[in-house]
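Notes for the one structure printed next.
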2 protein chains.
Amino acid sequence: MRTIKLTLEYDGTAYAGFQRQPNGVTIQEKVEEALRSLLGDPDFKIGGAAGRTDAGVHALGQVIHFRTAVTIPIDRWPYALNQRLPADIQAVAAELVPDEFHARYWAERKRYVYTFYHAPFPSPLHRLYAYHWGRELDLDRMREAAALIEGQHDFAAFRSSGGAAKTSVRTVYRLDLAQEGPIIRMGIEADGFLYNMVRIIAGTLLEVGAGRRPLADVAEALRTGDRTKAGKTLPPHGLCLERVWYGSGPKRPSWLPEGETGLDDE
Amino acid sequence: MRTIKLTLEYDGTAYAGFQRQPNGVTIQEKVEEALRSLLGDPDFKIGGAAGRTDAGVHALGQVIHFRTAVTIPIDRWPYALNQRLPADIQAVAAELVPDEFHARYWAERKRYVYTFYHAPFPSPLHRLYAYHWGRELDLDRMREAAALIEGQHDFAAFRSSGGAAKTSVRTVYRLDLAQEGPIIRMGIEADGFLYNMVRIIAGTLLEVGAGRRPLADVAEALRTGDRTKAGKTLPPHGLCLERVWYGSGPKRPSWLPEGETGLDDE
């Protein structure tokens, strides 16, 4: 048996999120269908995925793993699978990893990008991948808010109900804003994310940049955990799981209480 | 009566091209429907469009014009129209122009961009807007071919049958290649384009860059008009009408024979 780490890119527009669920077609279903056909095993299941991306969220670098006895050369796996995958989900890299590897538990850092389209009118060519904002936006003020969010904090104010994680302390390693014409990309890297955390942080920076929320709210949201001091949850289509970094074993942050997995839902 | 010049952005994926035709829904139909509803005139027609983009071709800066007695303030036109347009077609600018203005006859220069996605595997996030190429590609060789194509030539070898233009002499003002990671953009500016000219030039540069066609073929195609010395017509989804420049009256190139309009089909 070999354990294979597979990197996936997908356009989440047509899907009800990554994880299998009763309503709507999911990315996981499509990937497992392709693997079942390729491996000739009607019961095949993947072992895990780095991020549970929500309905409508995209990925450039989602990571999954699975175990198999089938011995396709490792660099041929993406070609073999892509023939069986729809055009909006494709494998872009494959790697042999140690048997104990787990795409979720071994993830040390993940990078999400939230994309804004900042122009007077909405853009047909960006409408599926960027959130349109037609009014004032002060990028310097957004960067001030971003600087407050970087670091280790209790992000209780930046989560939606429905997440499984018990602890809401996370470390945001970086929160950067890059502008290229009308496109503004908010990149965020952390050791883990709470449910809707990136979309709420994006909404908070937007409201600060639009002059609709004082910078002091951000500090207070971090200090008190008061959800009303953070911004609205922005829609999923602006969000993309860009990259996942792995260590050489399961991640277990020092701040995590005994008996908790510290797992996240995005 | 006022004459209005309107700039449109659209995602051509779902449409049978710009121009009204019996089979399939076109951009023009959708725009005229929106204008009919806005103006309360069930027979309203636009006056013309800068480029007749083909089925599946996109636009960042298509230009149309129309005449109306309705006196909406000029900067409100895009807002009023966009409410009545689908999300994949939007107005992005409006301008009052002289009564004699014609979006097609007054166009002096147009810029199209053909986008390649150059990486081992196809990209779900670029699949609708870029042509995937997974093999070798020598950008320097492509630039050498581009340099041959710039200038005034008879582009008879770079057209598909079905175009209306009688003269195939055109001036390519520039043909540039820009790379940004896996994205390669071929930008081409000319005084006019023959039917499929950009997609054939893109196919020619691709074949030269892939080492499948000698540079000498390009020179010969330009010299002899031999279609077999130029490359294949690449698919429409990589193509986008980016910008149109206007002069202060109808364009009439000096090389155009008497009695010919010199109009183009893309």
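The values are calculated or read from the model by the stated rules, or taken from the named source; none is laboratory data. Worth saying up front: this structure is predicted, and the values here are computed from it rather than measured. Note that each Cβ is placed from the backbone with ideal geometry, even for glycine, and that neighbours are counted across all protein chains shown. In case anyone asks, the SASA skips ligands and DNA or RNA and just uses the protein heavy atoms, side chains included. Shrake-Rupley method; radii C 1.70, N 1.55, O 1.52, S 1.80 Å.
Expressed as a rounded percentage, what relative contact order does chain B have, with Cα pairs under 8 Å and six or more residues apart?
Details: 611 pairs, mean separation 63.5, N = 266.
Answer for chain B is 24 percent.
Would you work out what percent of the accessible area of chain B, with all protein chains in place, is carbon or sulfur (probe 1.4 Å)? Don't skip to the answer; put the middle values down first.
Working: 5430 of 11120 Å².
Answer for chain B: carbon and sulfur cover 49 percent of the accessible area.
Could you order B:Met1, A:Met197 so the one with the most accessible surface comes first? Probe is 1.4 Å.
Numbers: B:Met1 140, A:Met197 0 Å².
These residues rank, largest area first, as B:Met1, A:Met197.
Which order do the peptides A:85-93, A:160-168 come out in when sorted by mean C-beta neighbours inside 10 angstrom, highest first? Mind showing how you got there, number by number?
Working: A:85-93: 19.4, A:160-168: 13.9.
Per-residue mean Cβ counts within 10 Å order the peptides as A:85-93, A:160-168.
Compute the helix-to-body angle for B:27-39: its Cα long axis versus the longest principal axis of chain B, expressed 0 to 90° and rounded to tens.
Computed tilt is about 20 degrees.
For the full complex of protein chains and a 1.4 angstrom probe, list B:Thr233, A:Thr204 by accessible area with the highest value first. Numbers along the way, then the final one.
Details: B:Thr233 50, A:Thr204 0 Å².
Descending order: B:Thr233, A:Thr204.
Go through B:Lys5/B:Lys166; A:Lys110/A:Lys232; B:Lys45/B:Lys166; B:Lys30/B:Lys166; B:Lys45/B:Lys110; B:Lys5/B:Lys232 and tell me which ones have a Cα-Cα distance over 32 Å in this structure.
Details: B:Lys5/B:Lys166 28 Å; A:Lys110/A:Lys232 22 Å; B:Lys45/B:Lys166 27 Å; B:Lys30/B:Lys166 30 Å; B:Lys45/B:Lys110 24 Å; B:Lys5/B:Lys232 35 Å.
In this structure, B:Lys5/B:Lys232 exceed 32 Å between Cα atoms.
Does anyone have the angle between helix B:215-224 and the longest principal axis of chain B? Alpha-carbon axes, 0 to 90°, nearest 10?
60
Considering the rotational relationship between chains B and A, which residue of chain B contributes the beta-carbon of minimal distance to the axis, and what is that distance to the nearest Å?
Residue with the nearest Cβ, plus whole-Å distance, for chain B: B:Leu128, 4.
Which value, in Å² and to the nearest 10, is the accessible area of A:Arg111 when all protein chains are kept and the probe is 1.4 Å?
40
What is the ratio of the Cα radius of gyration of segment B:127-264 to 2.2 N^0.38 Å, with N the residue count, to two decimals? Intermediate values should be presented prior to the final figure.
Values: Rg = 15.1 Å, N = 138, 2.2 N^0.38 = 14.3 Å.
Segment B:127-264 yields a ratio of 1.05.
Roughly how big is the B-A contact, given as buried accessible area in Å² (both sides, 1.4 Å probe, nearest 100)? Mind dumping the intermediate values first?
Numbers: alone 12120 and 12120 Å², together 22230 Å².
Buried area (both sides, nearest 100 Å²): 2000 Å².
Compute the accessible area of each residue in segment A:62-95 twice, once for its chain alone and once with every protein chain present, using a 1.4 Å probe on heavy atoms, and list those whose area falls by at least 40 Å².
Going by heavy-atom accessible area, the residues of segment A:62-95 that drop by at least 40 Å² are A:Tyr79, A:Gln90.
How many nanometers, to one decimal and shortest first, lie between the label point of A:Ser168 and those of its other copies, if labels sit 7 Å from Cα toward Cβ?
6.9
For segment A:100-156 and segment A:1-47, what is the separation of their C-alpha centers, rounded to whole Å?
So the two Cα centres are separated by 26 Å.
If you add up the charges near B:Leu125, with Lys and Arg at +1 and Asp and Glu at -1, over every other residue whose beta carbon is less than 10 angstrom from its beta carbon, what do you get? Don't skip to the end; give the middle numbers.
Values: positive: B:Arg127; negative: A:Glu9, A:Asp11, A:Asp88.
Counting the neighbours of B:Leu125, the net charge comes to -2.
Defining a contact as two alpha carbons under 8 Å apart and six or more residues distant in sequence, what relative contact order in percent does segment A:125-197 show?
Value for segment A:125-197: 29 percent.
For n ≥ 4 DSSP H runs only, could you compute -39500 (n - 2.57) per run for chain B, divide by its residues and tell me the 222 nm figure to the nearest 500? Intermediate values should be presented prior to the final figure.
Values: 5 runs with 53 residues, N = 266.
For chain B, the value works out to -6000 deg cm²/dmol.
Add +1 for every Lys or Arg and -1 for every Asp or Glu among the other residues with Cβ under 15 Å from the Cβ of A:Ala147, and state the total. Numbers along the way, then the final one.
Details: positive: A:Arg141, A:Arg143, A:Arg174; negative: A:Asp138, A:Asp140, A:Glu144, A:Glu150, A:Asp176, A:Glu189, A:Asp217.
Here the charged neighbours net out to -4.
Before I look further, what does segment B:89-133 give for accessible area per residue, probe 1.4 Å, in whole square angstrom?
Numbers: 1710 Å² over 45 residues.
I get 38 Å² per residue for this part.
Out of all Cα-Cα pairs in chain B, roughly what percent, to the nearest whole number, are more than 22 Å apart? Before the final figure, lay out the partial values.
Numbers: 19911 of 35245 pairs.
Of all Cα-Cα pairs in chain B, 56 percent lie more than 22 Å apart.
Considering only the label points, 7 Å along Cα→Cβ from Cα, what distances in nm to one decimal separate B:Leu139 from the same position in each other copy, shortest first?
Its label point is 2.3 nm from the equivalent points in the other copies.
Would you check the accessible area of B:Arg213, probe 1.4 Å, heavy atoms only, in square angstrom rounded to 10?
About 40 Å², ignoring ligands and nucleic acids.
Kindly give the distances from A:Pro250 to its copy-mates, label point to label point, with each label point 7 Å from Cα along Cα→Cβ, as nm values to one decimal ordered shortest first.
7.9
Under the definition of partner shielding as Cβ atoms of other protein chains within 10 Å of a residue Cβ, what is the mean value for peptide A:124-137?
3
How much accessible surface does B:Ser123 have with a 1.4 Å probe, in Å² rounded to 10?
Here the residue's solvent-accessible area equals roughly 10 Å².
Heavy atoms only, probe 1.4 angstrom, no DNA, RNA or ligands counted: give me B:Asp226, A:Asp99 ranked by accessible area, highest first.
Putting B:Asp226, A:Asp99 in descending order of accessible area: A:Asp99, B:Asp226.
Provide Rg over Rh for segment B:47-155; use the alpha carbon set for both Rg and the Kirkwood Rh (inverse mean inverse pair distance). Walk me through the numbers before you get to the answer.
Details: Rg = 19.0 Å, Rh = 17.7 Å.
Result: Rg/Rh = 1.07.
Give me the orientation-averaged projected area of the Cα convex hull of segment B:165-241, in nm², one decimal. Please report the intermediate quantities before stating the final value.
On the way: hull surface 22.5 nm².
Projected over every direction and averaged, the Cα hull of segment B:165-241 covers 5.6 nm².
Once you compute Rg and the Kirkwood Rh from C-alpha atoms, what is the Rg to Rh ratio for segment B:1-89? Walk me through the numbers before you get to the answer.
Values: Rg = 12.4 Å, Rh = 13.2 Å.
Using Cα coordinates only, the ratio equals 0.94.
Can you give the charge dipole size of segment B:68-133 about its Cα centre, rounded to the nearest 20 debye, using +1 on the beta carbon of Lys and Arg and -1 on the beta carbon of Asp and Glu? Show your work: numbers first, answer last.
Values: 7 positive and 6 negative charges, 62 e Å.
Value, rounded to 20: 300 debye.
How many percent of all Cα-Cα pairs in the protein assembly as shown sit more than 47 Å apart?
Working: 29754 of 141246 pairs.
Above the 47 Å cut-off, the protein assembly as shown has 21 percent of its Cα pairs.
Starting from 0.36 nm per residue, how many nanometres of slack lie between B:Glu33 and B:Ile72 once their C-alpha separation is accounted for? Let's see the in-between values first.
Numbers: separation 39, 0.36 × 39 = 14.04 nm, distance 1.77 nm.
Here the segment from B:Glu33 to B:Ile72 would lengthen by 12.3 nm.
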